[in-house]
Amino acid sequence: MSTPTVREQFLVISALGPNPMELANVLSRAAFENRCAVVTSRLSRHGETSALVLQVGGSWDALARLESTLPGLGKKHGLTLDVVRSADQEVRPQALPYVAYVSAAYRPDIINELCQFFLDHRVELEAMTCDTYLAPQTGSSMLNAQFTVILPAGTQISWLRDQFLDFADALNLDALIEPWRPQNPM
């Protein structure tokens, strides 16, 4: 979708269902049939359940039509749906995107501790991915986490990096924070 017009509005749809392909197909078709466009989407699997989050854009009447069709689609396909009206994301020209990578022996408090660190340093969380697995060599539970964060304008990057690495060392985490880079640079 191109740059949104001033009149365009947005819905954020979060959906849960057992079949990821059906989930994506049903919701993207519903958006298209109601003259809306998928702006962003994220799909992930969590055990036997798949989660899909869509940001859909369109005129107010197109979004209203889509919104009214969603309960029926949810019931027909056995999906759990939640819908929220949203504005487009504000432009933050002076903010800097960074990625923090963490690997460690799994403990239930690690994600909370990482979130608290970023909150305490006024760093915005843009995206987070966390996976646990059993180490093949030892059978120990391990955690891999990736946080995409936005550093506020004026942040002393070297100071924040040092703070983050000291924090990670204190918790015995293998961690790295570096500038965000596009996945597919053109």
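The values are calculated or read from the model by the stated rules, or taken from the named source; none is laboratory data. Since the model is a prediction, treat every value here as computed from it, not as a measurement. Positions of Cβ are backbone-derived with ideal geometry, glycine not excepted, and every protein chain shown enters the neighbour counts. Side chains included, ligands, DNA and RNA excluded: accessible areas come from the protein's heavy atoms. Shrake-Rupley method; radii C 1.70, N 1.55, O 1.52, S 1.80 Å.
Side notes on the structure shown:
- Every condition in (1) more than 30 Å from Asp131 (Cβ to Cβ); (2) open to solvent by 50 Å² or more (accessible area, probe 1.4 Å); (3) modelled with pLDDT of 95 or more is met by Arg85 except one, and the failing one is (3).
- Residue tally, condition open to solvent by less than 80 Å² (accessible area, probe 1.4 Å) and either in a helix (DSSP H, G or I) or aliphatic (A, V, I, L, M) (or both), over the stretch 165-186: 7
- Test result for Leu27, touching a residue at least 40 places away in the same chain (Cβ under 8 Å), in contact with a strand residue (DSSP E or B) (Cβ under 9 Å, 6 or more places away or on another chain), in a helix (DSSP H, G or I) and over 30 Å from Ile177 (Cβ atoms): yes
- Complete set of residues in the stretch 120-146 that are outside any strand (DSSP E or B) and either closer than 13 Å to Phe164 by Cβ or at pLDDT 95 or above (or both): Asp120, His121, Val123
- Val38 being surrounded by 16 or more Cβ atoms within 10 Å (Cβ to Cβ), free of Cβ contacts under 8 Å to residues at least 60 places away in the same chain, of a type in the set (Val, Ile, Thr) and not assigned by the TED database to the domain that holds Asp169: yes
- All conditions in (1) more than 16 Å from the chain's Cα centre (by Cα); (2) closer than 24 Å to Arg45 by Cβ hold for Glu126, with the sole exception of (1).
- The condition of being closer than 24 Å to Leu23 by Cα, among the β-branched types (Val, Ile, Thr) and assigned to a strand (DSSP E or B) does not hold for Val149.
- One residue stands out in the stretch 108-128 among those that are of a type outside the set (A, V, I, L, M) and free of Cβ contacts under 8 Å to residues at least 24 places away in the same chain: the one that is surrounded by the fewest Cβ atoms within 10 Å (Cβ to Cβ), namely Pro108.
- The condition of being touching a helix residue (DSSP H, G or I) at 6+ places or on another chain (Cβ under 8 Å), more than 22 Å from Pro179 (Cβ to Cβ) and outside the structural domain of Val12 (by the TED database) holds for Ala104.
- Among the residues listed as Glu90, Glu67, Glu22, the single one being under 23 Å from Val149 (Cα atoms), out of contact with any Cys (no Cβ under 6 Å at 6 or more places or on another chain) and acidic (Asp, Glu): Glu90
- Single residue of Gly58, Gly17 found to be surrounded by 18 or more Cβ atoms within 10 Å (Cβ to Cβ) and either of a type in the set (A, V, I, L, M) or without any contact (Cβ under 8 Å) to a residue 60 or more places away in the chain (or both): Gly58
Conditions (1) more than 21 Å from Thr129 (Cβ to Cβ); (2) at pLDDT below 95, marked per residue:
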| site | (1), (2) |
| --- | --- |
| Pro4 | yes, yes |
| Glu8 | yes, yes |
| Gly17 | no, no |
| Leu52 | no, no |
| Ser59 | yes, yes |
| Arg65 | yes, no |
| Ser68 | yes, no |
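- Residue match in the stretch 151-164 (condition: within 20 Å of the chain's Cα centre (by Cα), surrounded by 11 or more Cβ atoms within 10 Å (Cβ to Cβ) and at pLDDT below 95): yes
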